[in-house]
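Quick note: the coordinates plus some simple rules give every number you see, no bench work behind them. Since we're looking at a predicted model, the values are computed, not measured. With ideal geometry, Cβ positions are generated from the backbone for all residues, glycine too; neighbour counts draw on all protein chains shown.
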Amino acid sequence: MTKGQVEKKVRDLLIPLTNYPHMPYWASLKEAMVQLTLAQQGLAPGERRRTVLVFDEAYKLQGILTQKDILRGIEPSFARSPQTTTPLAWEDLLAAGAQEQAKKAIKEFMSPVGHVAQAEDSLIRASHVMLADNLDLLPVMDGGKVLGVVRLEDIFHEISLTILAV
């Protein structure tokens with residue numbers, strides 16, 4: 001860091017929860033698709049939202065649902081053995097089977113929340129957690145409340161700017 005630079009915290013780079021797709025665990029895969037589709041509107045490709053944060057009745061963070069989770073939910077055979085499974089044909093997405101799968105609750109397909117970052121954590125600490133667990137995104141907490149998320153690509157950009165400024 002050069003003289004005068006202050007180490008940034010996770011809080012400085014977070015995407016607020018109000019600007020990130022989130023929904024209750026009982027919502028359907030189809031509703032999650034709607035959330036992600038709406039979240040893309042007006043965003044540049046590098047800013048796209050690729051996950052949904054999943055909450056319980058008390059607004060406690062329960063899990064994360066990715067685009068991959070949604071696709072595996074719509075075509076369950078793919079989740080079992082993608083190399084040996086014949087994929088659905090495009091017209092099969094309109095068939096009853098895929099439509100029924102899309103009605104299933106996201107809680108069946110989400111991943112539990114493993115790690116979180118605290119708002120006052122350093123970007124270096126958050127990047128270590130993300131690298132250790134191969135994560136692209138971390139929920140950001142302040143005490144027990146979810147403030148939003150921080151993305152690895154944003155942390156990388158900030159680290160790059162710091163290193164290149166020297």
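Some points to look at:
- For the stretch 22-49, a residue qualifies if it is out of contact with any strand residue (DSSP E or B) (no Cβ under 8 Å at 6 or more places or on another chain) and either in a strand (DSSP E or B) or of a type in the set (Asp, Glu) (or both), and exactly one does: Glu47.
- Residue in the stretch 4-19 that is in contact with a Lys or Arg (Cβ under 6 Å, 6 or more places away or on another chain) and either in a loop (DSSP other than H, G, I, E, B) or among the small types (Gly, Ala, Ser) (or both) present: no
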